[in-house]
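Below you'll find the structure, written out as structure tokens, and then a few comments.
Just so it is clear, none of the values below were taken in a lab; they were calculated from the coordinates. None of these values were measured; they are calculated from a predicted model. Neighbour counts are summed over all protein chains in view; Cβ atoms, including those assigned to glycine, are modelled from backbone coordinates with ideal geometry.
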Ligand SMILES: Cc1cc2nc3c(=O)[nH]c(=O)nc-3n(C[C@H](O)[C@H](O)[C@H](O)COP(=O)(O)OP(=O)(O)OC[C@H]3O[C@@H](n4cnc5c(N)ncnc54)[C@H](O)[C@@H]3O)c2cc1C
């Protein structure tokens with residue numbers, strides 16, 4: 001068979017994992033990234049068991065697996081009372097939990113290792129894509145490339161999506177802004193609970209804390225604020241003000257952080273698309289289904305998209321058939337998680353005290369097993385599900 005060619009637009013998690021999966025299956029691939037270098041922001045990312053299976057399918061095996069977090073941890077209210085608590089008595093083997101919180105740059109590095117240098121084109125901003133139903137042409141700052149397949153992995157403001165879904169609604173502000181910090185674990189947090197995770201819910205805001213390998217901690221905070229804001233005295237000062245009265249260890253962690261460690265981003269999501277494929281063009285990751293981060297699944301789903309494409313294109317010689325199947329299996333799954341994420345974001349950011357009290361009471365009354373089952377349901381995904389029932 002003649003060598004098959006692909007152009008991947010965007011060199012983030014979705015684009016590089018797609019490229020890795022295709023290169024591994026002998027495709028000739030070019031990844032066009034608009035930035036001058038392939039980099040990621042300095043924050044953590046939770047990778048759940050489904051992400052690890054996807055990573056394996058695109059060639060990443062042993063790396064990043066260290067420092068898995070168990071189920072121990074839970075949800076608290078801002079006064080420190082547990083809403084849902086999992087301790088060591090929970091039988092972790094019953095639930096496919098166990099995330100690793102990696103640094104984003106570490107994830108990008110292991111993906112870049114799978115994509116040969118000649119496949120990577122940084123500083124190549126894509127301006128347009130067209131196709132005649134069979135082959136696609138990508139115009140970028142440095143010229144044009146023609147390929148059998150074009151993958152739009154260019155994020156929430158995707159130019160590829162704009163070209164083929166011109167009527168699709170633009171990204172929407174979720175009403176929430178996120179702050180993220182990676183720091184060395186403060187000495188005060190050493191000890192028995194150091195490996196537990198916790199998310200704390202307060203009036204209109206959330207503070208999360210996850211252990212990372214090498215004694216680092218990943219923290220995130222979200223709040224309901226208008227978009228486009230910036231604190232005049234810096235984002236760490238803003239966080240210390242907002243979370244001053246919250247239970248420990250929130251103030252301790254914020255006291256230990258340094259201003260340059262804090263990232264602030266408004267959270268946008270994409271209204272749902274009716275298809276992820278048009279002719280020989282497919283969307284992956286945020287370009288297809290940018291979701292709110294409340295389940296920690298956006299990046300994991302980008303990895304699943306990449307693995308699914310690779311597995312299907314390998315098994316099915318007819319590109320149109322493989323892409324049709326890709327759309328069939330990826331749209332329902334990602335859109336269901338998108339909805340759950342949005343719902344979880346609304347639930348966790350409730351403001352009026354009586355509503356929060358009622359919410360917490362309902363959650364406290366739920367059996368822990370139900371909570372864990374619902375939390376871990378998405379994690380059992382395997383790349384081969386795409387091949388079933390073809
Ligand atoms: C606060 C926050 C916390 C999150 N936490 C988690 C988490 O814990 N776990 C998780 O799984 N997910 C998480 N996510 C979601 C995750 O970050 C995204 O789903 C993931 O980064 C999407 O990857 P992507 O490659 O599809 O898009 P992006 O990361 O947006 O990458 C797109 C790439 O395309 C490039 N590009 C754009 N336009 C062009 C163009 N015209 N030409 C060439 N290149 C272009 C961009 O420069 C960029 O490099 C979080 C998101 C947020 C906002």
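Two numbers describe the Cα atoms of the chain: Rg and Dmax, which are 21.1, 65 Å. For the options 56, 238, 260, a Gaussian network treatment of the chain with springs between C-alpha atoms closer than 10 Å singles out 260 as fluctuating the most.
Using just the C-alpha positions of region 277-388 as equal point scatterers, what log10 of I(q)/I(0) does the Debye formula give at each q in 0.18 1/Å? Ignoring solvent entirely, the Cα scatterers give -0.91.
All alpha carbon pair distances within region 221-305 were sorted into 5 Å bins beginning at 0; the resulting P(r) in whole percents reads 3, 11, 18, 16, 15, 12, 10, 7, 5, 3, 1.
Fewest Cβ neighbours within 10 Å first, please rank 214, 148, 286, 167 accordingly. Please report the intermediate quantities before stating the final value.
Values: 214 10, 148 18, 286 27, 167 5.
Exposure proxy ranking, most exposed first: 167, 214, 148, 286.
Before rounding to the nearest 500, sum -39500 (n - 2.57) across all DSSP H runs of length at least 4 in the chain and divide by the residue total; then give [θ] at 222 nm in deg cm²/dmol.
Mean residue ellipticity at 222 nm (helix-derived): -10000 deg cm²/dmol.
Would you mind getting me the FRET efficiency between residue 385 and residue 36? Use the beta-carbon distance for r and R0 = 30 Å, nearest 0.05.
Working: r = 38 Å, r/R0 = 1.27.
The value I calculate is 0.20.
Mind jotting down a quarter of the surface of the convex hull over the alpha carbons of region 1-153, in square nanometres, one decimal?
Values: hull surface 50.6 nm².
Reported value for the Cα convex hull: 12.7 nm².
Modelled this way, with points 7 Å down the Cα-to-C-beta line, the labels at residue 81 and residue 194 are 3.2 nm from one another. DSSP assigns beta bridges within the chain; of those with both partners inside it, close to 70 percent run antiparallel.
Using only the alpha carbons of region 200-265, what is the convex hull's orientation-averaged projected area in square nanometres? Provide the component values of the computation, followed by the final result.
Working: hull surface 18.9 nm².
Taking a quarter of the hull surface, the average projection is 4.7 nm².
Give me the extension gain from residue 343 to residue 125: residue separation times 0.36 nm, minus the current Cα-Cα distance, reported in nm with one decimal. Write down the numbers at each step before the final one.
Working: separation 218, 0.36 × 218 = 78.48 nm, distance 3.45 nm.
Extra length from residue 343 to residue 125 when fully extended: 75.0 nm.
Can you figure out the FRET efficiency of residue 233 with residue 144, using R₀ = 51 Å and their beta-carbon distance, to the nearest 0.05? Don't skip to the end; give the middle numbers.
Numbers: r = 48 Å, r/R0 = 0.94.
The pair residue 233/residue 144 has a calculated efficiency of 0.60.
Computed on region 17-163, with alpha-carbon pairs under 8 angstrom and 6+ residues apart, the relative contact order is 28 percent. With the biggest extent put first, the Cα atoms of region 1-83 measure 62, 28, 19 Å across the principal axes. Run the quick spin-label model on residue 318 and residue 240: label points 7 Å from Cα toward the beta carbon, then report their separation in nm to one decimal. Placing both labels 7 Å beyond Cα along the Cβ direction yields 6.5 nm. Above 25 Å, the calculated P(r) of region 133-265 contains 46 percent of its Cα-Cα pairs.
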